[in-house]
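Student: Before we start, here is the structure in question, set down as structure tokens.
The values are calculated or read from the model by the stated rules, or taken from the named source; none is laboratory data. On a predicted model such as this, the values are computed, not experimentally measured, just so you know. FYI the Cβ positions are ideal-geometry reconstructions off the backbone, even for glycines, and counts take in every protein chain you see.
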């Protein structure tokens, strides 16, 4: 067993009577990609908000590299090594592509020269270097998704949180992003990847976790999880009785 980089223990969060996380526990090691699936409203993006420090949990704990970060805010966690993308790209539209990547590096506490070098490296890696001086608001969807990645990569994270980076892309565009995720894993970066494009997850993750109503419904090998009856019922809308009959 590899030493976990991230440990999430008994995480809980409610908004009034609505449960968005209930006793969520799991770990992720460096160089491992954990996929996350679940129906809309299952608490997937909220889980990333809790891990990245955007939201504070009501209970439970989060440890990164052996250090308790449960009560730290988003900026402190970015400096500690957590990078984050969002389901809907959020570029600073009037700033250049390079300046957007620079924001990611600066937010993570990198010094000026180091931040600039990391920003350029992230743009080169995501294929955006040729657009470095273009306003971010002029980018097409695939390149805005790449910029989300570049901004997070510029912080040089130990843990990358990806929220539906393949969503909305044409079929032929998805492999480019899958390749980047695989490169992150090969470099020893831990990745938690939420995605509705299931075939992308199945080809790019080591383990899969299914959430339902804020709870962990299943955890294990990707194909094992996706073919289990509880997951098929909740996530795919398949009647388990019908499946058993077949």
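Student: Filter the stretch 35-48 for residues that are closer than 29 Å to residue 108 by Cα and surrounded by fewer than 22 Cβ atoms within 10 Å (Cβ to Cβ); which is farthest from the chain's Cα centre (by Cα)?
Tutor: Taking the candidates together, the pick is 46.
Student: (1) crowded, with 16+ Cβ neighbours inside 10 Å; (2) under 26 Å from residue 185 (Cα atoms); (3) within 17 Å of the chain's Cα centre (by Cα): which one isn't true of residue 21, the others all being true?
Tutor: (2)
Student: Taking the condition assigned to a loop (DSSP other than H, G, I, E, B), in contact with a helix residue (DSSP H, G or I) (Cβ under 7 Å, 6 or more places away or on another chain) and over 22 Å from residue 165 (Cβ atoms), does residue 57 pass?
Tutor: Details: assigned to a loop (DSSP other than H, G, I, E, B): yes; in contact with a helix residue (DSSP H, G or I) (Cβ under 7 Å, 6 or more places away or on another chain): yes; over 22 Å from residue 165 (Cβ atoms): yes.
Against the criterion (assigned to a loop (DSSP other than H, G, I, E, B), in contact with a helix residue (DSSP H, G or I) (Cβ under 7 Å, 6 or more places away or on another chain) and over 22 Å from residue 165 (Cβ atoms)), residue 57 qualifies.
Student: Can you tell me which residues in the stretch 203-227 are in contact with a strand residue (DSSP E or B) (Cβ under 8 Å, 6 or more places away or on another chain), crowded, with 17+ Cβ neighbours inside 10 Å and more than 17 Å from residue 161 (Cα to Cα)?
Tutor: Within the stretch 203-227, 214, 216, 217, 218, 222, 225, 226 meet the criteria.
Student: Working only within the stretch 66-101, note down all residues that are closer than 29 Å to residue 15 by Cα, in a loop (DSSP other than H, G, I, E, B) and either touching a residue at least 40 places away in the same chain (Cβ under 8 Å) or touching a strand residue (DSSP E or B) at 6+ places or on another chain (Cβ under 7 Å) (or both).
Tutor: 69, 70, 81, 85, 86, 87, 89, 90, 91 - these are the residues of the stretch 66-101 that are closer than 29 Å to residue 15 by Cα, in a loop (DSSP other than H, G, I, E, B) and either touching a residue at least 40 places away in the same chain (Cβ under 8 Å) or touching a strand residue (DSSP E or B) at 6+ places or on another chain (Cβ under 7 Å) (or both).
Student: Before we move on, is residue 180 in contact with a helix residue (DSSP H, G or I) (Cβ under 8 Å, 6 or more places away or on another chain) and in contact (Cβ under 8 Å) with a residue 24 or more places away in the chain?
Tutor: yes
Student: Tally up the residues in the stretch 102-139 that are at pLDDT below 95, touching a helix residue (DSSP H, G or I) at 6+ places or on another chain (Cβ under 8 Å), within 23 Å of residue 81 (Cβ to Cβ) and not in a helix (DSSP H, G or I), please.
Tutor: Final tally of qualifying residues: 4.
Student: Does residue 36 satisfy being in the same structural domain as residue 211 (by TED's automatic domain parsing), in contact with a helix residue (DSSP H, G or I) (Cβ under 7 Å, 6 or more places away or on another chain) and farther than 24 Å from residue 165 by Cα? Walk me through it before giving the result.
Tutor: Numbers: in the same structural domain as residue 211 (by TED's automatic domain parsing): yes; in contact with a helix residue (DSSP H, G or I) (Cβ under 7 Å, 6 or more places away or on another chain): yes; farther than 24 Å from residue 165 by Cα: no.
No.
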